[in-house]
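Student: Have a look at this one.
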Amino acid sequence: MSAAPGPGPRLARSLAAPAPGWTAEADAIVVGSGIAGLTAALELRTRVPRVLLVTKGRLSSGSTVWAQGGIAAALDPSDSPEAHRTDTLAAGGGLSDPEAVRVLVTEGPARVRELVARGAVFDKAADGDIALTREGGHHADRIAHAGGDATGAEISRALVAQIEAVRHDPGIEIVENALVLDVLTTTDGRACGVTLHVRGAGSRDGVGAVLAPAVILATGGIGQVFRSSTNPAGATGDGIAAALRAGAVLGDLEFVQFHPTVLWLGSGAKGQVPLVSEAVRGEGALLLDVDGHRFMPGVHEMAELAPRDVVAHAIVRRMAATGADNVLLDTRHLGRDFLRTRFPTINARLLEAGIDWSEEPVPVAPAQHYHSGGVVTDLDGRSTVDGLYAVGEVACTGVHGANRLASNSLLEGLVFAARAAQDVVARFDAGELRQGEPAERPGGSGLVAAAARSRVQKVTSAGSGVIRSARSLAEADERLAAVRTDAHLAADVVAEPQAAEWETTNVHLVARALTRAAWAREETRGGHYRTDFPQPDDAWRRRIQVRLDADGTLHAR
């Protein structure tokens, strides 16, 4: 097999779906109900006449609710945005956008305080200030947490409460249980709305179209592209896939963060698996191999608190050296009372799995956790498609570069969602955002059978997982190419345009794009590890961009 990818495949530029049975209009559409989507909707409400908030499940079902560790910001007088910036750039492996990082760390503290004003309750220190702790890659205590290890759940609760309080206001409409299918575009390539499928009775049911001159994607991550992930079941890459089909440029897709310490539930485990937060190592937990040897001090000066990619790669190498399927996280020295109080959620989940971590080490192994890449945006969330914005994990702002610094994800969603909403408002007031007429895109429509999802996940995990090579990526690309993308036209395949097929089509498209990007980058950097190119190379100190041509040809270069 060749060492570099050949000509890109041709892929569909829209999902196979019934024609919209209903149409609605708005001035701005926000897709997603995690920290980024809820923040954007709250910032837009009352500032543009009509806001539509679309969420795939219930309002409280966004990925934010699963965030354990905390939110990073220089809140302590002894800390500084500049120190936070230094740590973020170091974790990013030389690919972070310095200006995007500056925006994150300088605007972050004020945004966190706004969260408090919106009702989020963070854990307090003895002096009454927000308690701050430390996680991997940080050289200062700057992680604010809530409920010990339930920070995301508390932030989600506070923001959802704010939205619920205005649910019946005439300027906002909330559509739950709605899967966004495609971003609608005009003949000149501007975003002009979305098509979506709503499940449930009411005036909004089935496939419909919502027209709006501004669309903000806040759809979260791509976890279900892999066999096991800490992401919820709904993280099927819908926003990235829809943006790619609409003509947006994607970036940094190859940089996938595999959380080093995810509870190992056996070789057959798949879907969402519980993570054991970075904060546990921040409190002093130790990593041991299956022989009881502590291996991280010999790998990195920060030992267990090294950046996540360093820890994940070290764990995989140690597993290979010992012939084991996992390593061990030893927390016994921290004590039962401390573990129960500081990490109540993790403690409960481990007990449900039959593990008392005050008495025995916890079996852990890396699993997909966060995607540093996504829809390329500027500092105001604008994608390369006019009128289309992306915020949160679906976006590629340049903050994370090759690897996300722990607890920067919630902060990124908070900061850049507010900036995107402010930009929409400013452009709306200036008359720059005008409603366009949707046009049919060339390139055809596609559908992948729901039955193919486990196959796609297995192939992607094997070829584009923690450790990659030209051979593994070429094999993955070949096997992904063999998956039928016109299943709706095949008489011998059971597949109809419906939610499971649409999600699987998105999973397949993201897998193809990610694999091509990883194949193109012939070096090791951050979350991208190539056994055939084990060192970073300054020639690759640039972003690989992925896009579809008008005819659907995929380019990664």
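The values are calculated or read from the model by the stated rules, or taken from the named source; none is laboratory data. Since the model is a prediction, treat every value here as computed from it, not as a measurement. When we count neighbours, we look across all protein chains shown, and the Cβ atoms used for this are built from the backbone with ideal geometry, even at glycine.
Student: Does segment 149-160 contain at least one residue that is in a helix (DSSP H, G or I), β-branched (V, I, T) and in contact with a strand residue (DSSP E or B) (Cβ under 9 Å, 6 or more places away or on another chain)?
Tutor: yes
Student: Exactly one condition in (1) out of contact with any strand residue (DSSP E or B) (no Cβ under 9 Å at 6 or more places or on another chain); (2) surrounded by 23 or more Cβ atoms within 10 Å (Cβ to Cβ) is false for H139; which is it?
Tutor: (2)
Student: Right, here's the next one. I222: of a type outside the set (G, A, S), at pLDDT 90 or above and farther than 30 Å from R427 by Cα, yes or no?
Tutor: yes
Student: Now a separate question. How about segment 281-303: which of its residues are modelled with pLDDT of 95 or more, part of a helix (DSSP H, G or I) and surrounded by 22 or more Cβ atoms within 10 Å (Cβ to Cβ)?
Tutor: Passing the criteria: only M296.
Student: Among the residues of segment 163-213, which ones are under 22 Å from S61 (Cα atoms), of a type in the set (K, R) and in contact (Cβ under 8 Å) with a residue 40 or more places away in the chain?
Tutor: Of everything in segment 163-213, those that are under 22 Å from S61 (Cα atoms), of a type in the set (K, R) and in contact (Cβ under 8 Å) with a residue 40 or more places away in the chain turn out to be R199, R204.
Student: Now, a different point. Of the residues that make up segment 408-419, is at least one in a loop (DSSP other than H, G, I, E, B) and farther than 26 Å from A513 by Cβ?
Tutor: The answer is no; no qualifying residue exists.
Student: Where in segment 170-272 are the strands (runs of 3 or more DSSP E), entirely inside, with at least 3 residues that are within 30 Å of M319 (Cα to Cα) and not aliphatic (A, V, I, L, M)?
Tutor: Ranges flagged: 256-263.
Student: Is it the case that segment 494-505 has a residue that's in contact with a strand residue (DSSP E or B) (Cβ under 6 Å, 6 or more places away or on another chain), touching a residue at least 12 places away in the same chain (Cβ under 8 Å), more than 30 Å from G200 (Cα to Cα) and of a type outside the set (F, W, Y)?
Tutor: no
Student: Pick from D429, D378, D356, D386: which is acidic (D, E) and closer than 20 Å to D252 by Cβ?
Tutor: The unique qualifying residue is D378.
Here is a yes/no grid of residues against (1) of a type outside the set (S, T, N, Q); (2) farther than 19 Å from A36 by Cα; (3) under 22 Å from the mean Cα position of the chain (by Cα):
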site: V425; (1), (2), (3): yes, no, no
site: G436; (1), (2), (3): yes, yes, no
site: A439; (1), (2), (3): yes, yes, no
site: A452; (1), (2), (3): yes, yes, no
site: Q457; (1), (2), (3): no, yes, yes
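Student: Please find, within segment 348-359, the residue that is surrounded by the fewest Cβ atoms within 10 Å (Cβ to Cβ) out of those that are out of contact with any strand residue (DSSP E or B) (no Cβ under 7 Å at 6 or more places or on another chain) and in a helix (DSSP H, G or I).
Tutor: E352
Student: Restricting the search to segment 70-91, which residues are modelled with pLDDT of 95 or more, crowded, with 24+ Cβ neighbours inside 10 Å and either under 20 Å from the mean Cα position of the chain (by Cα) or part of a loop (DSSP other than H, G, I, E, B) (or both)?
Tutor: Across segment 70-91, the qualifying residues are I71, A72, A73, T88.
Student: Would you please list the contacts, defined by Cβ atoms under 6 Å and residues six or more apart or on different chains, that run from a residue in segment 380-403 that is under 24 Å from E437 (Cβ atoms) to a residue that is of a type in the set (G, A, S) and in a strand (DSSP E or B)?
Tutor: S383/A390; V385/A191; G387/A191; L388/A191
Student: Test of understanding: among G413, G401, G463, which residue is surrounded by 24 or more Cβ atoms within 10 Å (Cβ to Cβ), small (G, A, S), touching a helix residue (DSSP H, G or I) at 6+ places or on another chain (Cβ under 8 Å) and outside the structural domain of A233 (by TED's automatic domain parsing)?
Tutor: G463
Student: In segment 360-399, what residues are in a loop (DSSP other than H, G, I, E, B), farther than 19 Å from T230 by Cα and not polar (S, T, N, Q)?
Tutor: E360, P361, D378, L379, D380, G381, V385, D386, G387, V391, G398, V399
Student: Given the condition touching a His at 6+ places or on another chain (Cβ under 7 Å), closer than 30 Å to G335 by Cβ and of a type in the set (D, E, K, R), answer yes or no: does some residue in segment 264-281 qualify?
Tutor: For segment 264-281, residues touching a His at 6+ places or on another chain (Cβ under 7 Å), closer than 30 Å to G335 by Cβ and of a type in the set (D, E, K, R): absent.
Student: Yes or no: segment 28-45 includes at least one residue that is touching a helix residue (DSSP H, G or I) at 6+ places or on another chain (Cβ under 8 Å), part of a loop (DSSP other than H, G, I, E, B) and charged (D, E, K, R).
Tutor: No; the residues of segment 28-45 include none that is touching a helix residue (DSSP H, G or I) at 6+ places or on another chain (Cβ under 8 Å), part of a loop (DSSP other than H, G, I, E, B) and charged (D, E, K, R).
Student: Still on this structure: Taking V510, is it closer than 20 Å to G251 by Cα and surrounded by 21 or more Cβ atoms within 10 Å (Cβ to Cβ)?
Tutor: Against the criterion (closer than 20 Å to G251 by Cα and surrounded by 21 or more Cβ atoms within 10 Å (Cβ to Cβ)), V510 qualifies.
Student: Looking only at segment 313-347, how many residues end up being surrounded by 13 or more Cβ atoms within 10 Å (Cβ to Cβ) and part of a helix (DSSP H, G or I)?
Tutor: 19
Student: Can you work out which of the residues in segment 531-557 that are touching a helix residue (DSSP H, G or I) at 6+ places or on another chain (Cβ under 9 Å) and among the basic types (K, R) is surrounded by the most Cβ atoms within 10 Å (Cβ to Cβ)?
Tutor: R547
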